[in-house]
């Protein structure tokens, strides 16, 4: 198993939802592959509950990628982390590179900002 490529998700692959409409692809991403917009996290959620309680409530579950409705369902292909909070929104983004003191790095030939590799980011 490998995570979806950024281009696959950006193409807006959709699946029918049974009501005539479409549901946008909602990939499952490795939480370690997501960059956060802040250097630290708040130990409390906006509803007042503590982060440590959410971590304690996380559970491991088998990750099955094949259609399990088929006869002889597929064995688990990995582990999925089930968390007690809703999914977060992520965006594919190439951030501007900066020096240690926060100054944007510029291309010496063009003067344009130099960007890093495309990564998943969240602003949640």
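Some points to look at:
- Scanning region 51-67 for any residue that is in a loop (DSSP other than H, G, I, E, B) and modelled with pLDDT of 80 or more turns up at least one such residue.
- Flag if residue 41 is in a loop (DSSP other than H, G, I, E, B), at pLDDT below 80 and in contact with a strand residue (DSSP E or B) (Cβ under 6 Å, 6 or more places away or on another chain): no
- The criterion of being modelled with pLDDT of 75 or more and part of a loop (DSSP other than H, G, I, E, B) does not hold for residue 72.
- Any chance residue 6 is in contact with a strand residue (DSSP E or B) (Cβ under 7 Å, 6 or more places away or on another chain), at pLDDT below 80 and under 30 Å from residue 111 (Cβ atoms): yes
Condition check ((1) touching a strand residue (DSSP E or B) at 6+ places or on another chain (Cβ under 9 Å); (2) under 29 Å from residue 42 (Cβ atoms); (3) modelled with pLDDT under 95; (4) loosely packed, with under 10 Cβ neighbours inside 10 Å) across all residues:
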site: 86; (1), (2), (3), (4): no, yes, yes, yes
site: 89; (1), (2), (3), (4): yes, yes, yes, yes
site: 95; (1), (2), (3), (4): yes, yes, yes, no
site: 102; (1), (2), (3), (4): no, yes, yes, yes
site: 108; (1), (2), (3), (4): no, no, no, yes
site: 117; (1), (2), (3), (4): no, yes, yes, yes
site: 123; (1), (2), (3), (4): yes, yes, yes, no
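- Every residue from region 92-124 that is assigned to a strand (DSSP E or B) and within 18 Å of residue 32 (Cα to Cα): 92, 93, 119, 120, 121, 122
The values are calculated or read from the model by the stated rules, or taken from the named source; none is laboratory data. Here the structure is a predicted model, which is why all the values come from computation and not from measurement. Every residue, glycine among them, receives a Cβ derived from its backbone with ideal geometry; neighbour counts consider all protein chains shown.
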